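Okay, so here's the structure we're looking at.
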Amino acid sequence: MNKIMSVNKVILVGNVGKDPDIRYFENDRAVANFPLATTERGFTTSSGQQIPERTEWHNIVIWGGLAKVAESYVKKGTQLYIEGKLRTRSWDDKDGNKRYTTEVYVDNLQLLGRKSDNPGSQAQAGNYGAPAQTQNQQPISSPPQAQAGSSSGNDDILGESSEQDDLPF
């Protein structure tokens with residue numbers, strides 16, 4: 001049997017549309033849900049046609065320790081870098097119609113923006129190691145990028161593995 005490689009990887013940089021909805025389950029396991037907006041800039045074609053900006057909304061789902069990081073540091077308007085995978089699920093609504101939604105399940109999360117954009121980050125940053133990087137790669141006092149440790153739990157709050165040392169950003 002010949003196996004063909006496939007990839008399910010999403011990278012988004014956008015702004016949080018509303019404060020995360022955090023729910024806790026048994027064993028203190030958490031899940032965070034929130035919308036993330038990504039916007040493509042408008043432009044004018046060479047023929048003078050105006051193309052307006054376009055905003056897409058993405059349903060973000062974060063499990064385990066990353067959800068707890070989101071609960072503490074992610075608020076409406078926060079700019080985030082997210083890596084994850086697409087998942088589509090279905091359910092029957094109250095009228096018996098089949099409904100579908102596509103969500104981004106987060107594997108890696110990084111706060112972007114200025115220090116003033118991340119309220120409360122100054123006092124708590126020391127507990128988490130190296131600071132996050134802004135878009136122009138200047139250190140800020142906020143929690144570092146958070147990454148899920150294993151695919152079977154996403155409980156590694158901040159992914160302190162040495163794999164991060166080899167990344168160019």
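Does region 21-90 come out rounded, prolate or oblate, given a ≥ b ≥ c as the square roots of the eigenvalues of its C-alpha gyration tensor, rounded meaning a/c under 1.5 and, failing that, prolate meaning a/b above b/c? Don't skip to the end; give the middle numbers.
Working: a/c = 4.04, a/b = 2.64, b/c = 1.53.
Note, shape of region 21-90 comes out prolate.
Computed with a 1.4 Å probe over protein heavy atoms only, the accessible area of residue 55 comes to about 60 Å².
Between residue 95 and residue 59, the distance separating the two model label sites (each 7 Å from Cα on the Cα→Cβ line) works out to 1.8 nm.
Loop-located chymotrypsin sites (Phe, Trp or Tyr not before Pro) in region 12-121 (DSSP state not H, G, I, E or B) with no more than 13 neighbouring Cβ atoms inside 10 Å: 25.
Per residue, the accessible area of region 21-77 comes to 62 Å², computed with a 1.4 Å probe over protein heavy atoms only.
Ordering of 10-16, 92-98 by packing is 10-16, 92-98, highest average first (other Cβ atoms within 10 Å, averaged per residue). Annotation for region 18-55: GluC sites (Glu not before Pro) lying in DSSP loop with at most 16 further Cβ atoms inside 10 Å of their Cβ are 53.
Assuming R0 = 22 Å, can you tell me the calculated FRET efficiency for the pair residue 71 and residue 27, based on Cβ-Cβ distance, to the nearest 0.05?
0.85
The values are calculated or read from the model by the stated rules, or taken from the named source; none is laboratory data. Model, not experiment: these values are computed from the prediction. Counting neighbours? That spans all protein chains shown, and the Cβs are built from the backbone with ideal geometry, glycine included. What goes into the accessible areas is simple: the full protein's heavy atoms, side chains included, and nothing from ligands, DNA or RNA. Shrake-Rupley method; radii C 1.70, N 1.55, O 1.52, S 1.80 Å.
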